[in-house]
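Trainee: First the structure, then my questions, so here it is.
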Amino acid sequence: MTVLGLIDKCVNMLREVGIKSPLADVEWLASDIFKCRRSELALYAHKMPTHEQVDRMLKNIKRRLDREPLQHILGIGDFYGYEFRVSSDVLIPRPETETLAELALGFLQPLTSQIVFDLGTGSGCIAITLAKRCPGLKVIASDVSESALNLAKLNAETFNAIEQVEFREADGLAALVEDEQVDLIVSNPPYIPSGDISGLQPEVRYYDPHLALDGGEDGLQFYRLLAAEGQSRLKPGGKLMAEFGDGQESAIEGLFAQAAWPNVETSNDLTGKPRIVIASAGQ
Ligand code: GLN
């Protein structure tokens, strides 16, 4: 069987169980095994794979058939053009979270010594992306999960950002010491209502850590905390930017308005859905 034959066979296996993008998934897995870019796979099409390559490919396809996400099989997830190491200890970086990073970068001034707090850093993708784009920035990145922080540290080392990002194991705003204030709080907190988790697609439900998904009964647990206590943690003129889930927009705007933030807006993700709350502290 040629490489092309192997690719066709694998695509059919994934298609049969209803996986949405079988060709793209197989091409990513094949380019990992043949150590080439996806666009270069055509050069291998008529070559014969070794037994070992076929075995590895079929093993990885078996994992994908079990709905393990592609990023876990490859061990990496792309975020903002950087390849972050991922595992079952952290949420796989999502494209909608890139919108959050972009809004944060629009607010930050790359060369000044601002301070950002990333609450629930997971793989570290937001914290490290901001640090790389803003060389003067200091980032405090927290998580309750020690294993997530270990992976985030590894990512920070890989991207040479360990000097800029300080990792703290803590829950919620307890990561900040007494009186500590920052210019920007960013967060992609858990926001799925507990009862909705069992209805999520298998790749999320079985493989993303529930700690990173479960936002309590109505999904708003972290926004209550951010709305109530976030403002006192910001310097004058500081902002809070946080991602939220489908249909949570007005409840979240209400929470921030109730907590007397001078200005609250929301921003859409690339699919046009409201996804990020931006709340400004007073001057
Ligand atoms: N965006 C993720 C999802 O829909 C949830 C991430 C989160 O709760 N922060 O699966």
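The numbers here are math on the coordinates, done by the rules we state, and not lab data. Computed from a predicted model, the values in this text were never measured in an experiment. Backbone-built Cβ (ideal geometry, glycine too); neighbour counts: all protein chains shown.
Trainee: What about Phe222, is it more than 13 Å from the ligand (Cβ to nearest atom) and not charged (D, E, K, R)?
Mentor: no
Trainee: Look at the stretch 149-165 and say how many of its residues are on the phi < 0 side of the Ramachandran plot and in a loop (DSSP other than H, G, I, E, B).
Mentor: Total meeting the criteria: 5.
Trainee: Right, another one. Scan the stretch 134-142 and tell me whether some residue there is within 24 Å of Leu225 (Cα to Cα) and within 16 Å of the ligand (Cβ to nearest atom).
Mentor: Checked against the condition, which is being within 24 Å of Leu225 (Cα to Cα) and within 16 Å of the ligand (Cβ to nearest atom), the stretch 134-142 yields at least one hit.
Trainee: Give the residues of the stretch 168-215 that are loosely packed, with under 15 Cβ neighbours inside 10 Å, under 21 Å from Glu146 (Cα atoms) and within 14 Å of the ligand (Cβ to nearest atom), sorted by residue number.
Mentor: Those that are loosely packed, with under 15 Cβ neighbours inside 10 Å, under 21 Å from Glu146 (Cα atoms) and within 14 Å of the ligand (Cβ to nearest atom): Tyr206, His210.
Trainee: Considering only the stretch 101-119, how many residues are buried (at least 20 other Cβ atoms within 10 Å of the Cβ) and more than 13 Å from Met241 (Cβ to Cβ)?
Mentor: Matching residues across the stretch 101-119 total 1.
Trainee: How many residues are within 13 Å of the ligand (Cβ to nearest atom) and surrounded by fewer than 13 Cβ atoms within 10 Å (Cβ to Cβ) if we restrict to the stretch 229-246?
Mentor: 1
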